[in-house]
Every structure is written in C-alpha cells, then in structure tokens.
Amino acid sequence: EGLRVERANQAFYDVFKVKQEETLGRPFYELGNRQWDNADLRNLLEKVLPKKQEVHDFKITHQFEGVGAKTILVHARSLECEGQKKLLILITLHDLTEHEPRMGKS
C-alpha cells in the first residue's frame, strides 16, 4: 500500500548513497529528492504491473542527487505472499550507466 519500501539490499544503499533509515517504510517515489517520482515509472508500477504481473526492461535515465547521471533498467513483478492480504512488488534495478555510449566519445 502506498508503494512503501519494505526491503532494499546493500547494493541499492551503496549505489544511490542512501541510508536504510532514510529508505525503509518510505514511499518509493519519495526516496532521495523524489528522484524515483517519474511519470512513466509511476504508470508502470501503478497501472501496467497490476494487469501484466511482470514488467521487463523499462529504461530510466536520471540525474541522481549525490550520485550523478545514471541509466537504470527496471524489472518489476507482483508477488503474492501466502497468508498476507497485501500485494508486494519486487523491483530489480540494473545499472546500465557504464554500458551506455557517452556524448562526445567515440
């Protein structure tokens, strides 16, 4: 409910330079300086995912505070947990930044 973060791995904290206490329990879109509050990503998680149950290869490029520009490949899927009424979403992020061509470089 409210797309609140229940868990994140250490790689997420390291790459995006955030702390666990700034992340857990907070709405996903409010993390950092609301850097994940992207209209296309919001549509993907709130409208597309409930219908399809899985989304693959959604690319987002953003200037992350304290980190710089990153290109991220997002995968998301709905999870059903036995005995729980709440819907969980597993989001995996793959940093493509190192693999993206840079402007002015050949």
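Remarks
- Taken over region 36-51, residues that are under 12 Å from the mean Cα position of the chain (by Cα) and either open to solvent by less than 20 Å² (accessible area, probe 1.4 Å) or under 15 Å from Leu90 (Cβ atoms) (or both) amount to 4.
- Single residue of region 79-106 satisfying the filter (open to solvent by 100 Å² or more (accessible area, probe 1.4 Å) and in a loop (DSSP other than H, G, I, E, B)) that is modelled with the lowest pLDDT: Ser106
- Residue match in region 52-75 (condition: within 19 Å of Gly2 (Cβ to Cβ), open to solvent by 50 Å² or more (accessible area, probe 1.4 Å) and touching a helix residue (DSSP H, G or I) at 6+ places or on another chain (Cβ under 9 Å)): no
- Pairs, first in contact (Cβ under 8 Å) with a residue 40 or more places away in the chain and within 20 Å of Ala69 (Cα to Cα) in region 23-46, second of a type in the set (Val, Ile, Thr) and surrounded by 12 or more Cβ atoms within 10 Å (Cβ to Cβ), C-beta under 7 Å, six or more apart: Phe28/Val5
The values are calculated or read from the model by the stated rules, or taken from the named source; none is laboratory data. Predicted model, so just to flag it, every value in this text is computed and none were measured. All Cβ positions, even for glycine, are placed from backbone atoms using ideal geometry, and neighbour counts span all protein chains on display. Surface accessibility is based on the protein's heavy atoms, side chains included, excluding ligands, DNA and RNA. Shrake-Rupley method; radii C 1.70, N 1.55, O 1.52, S 1.80 Å.
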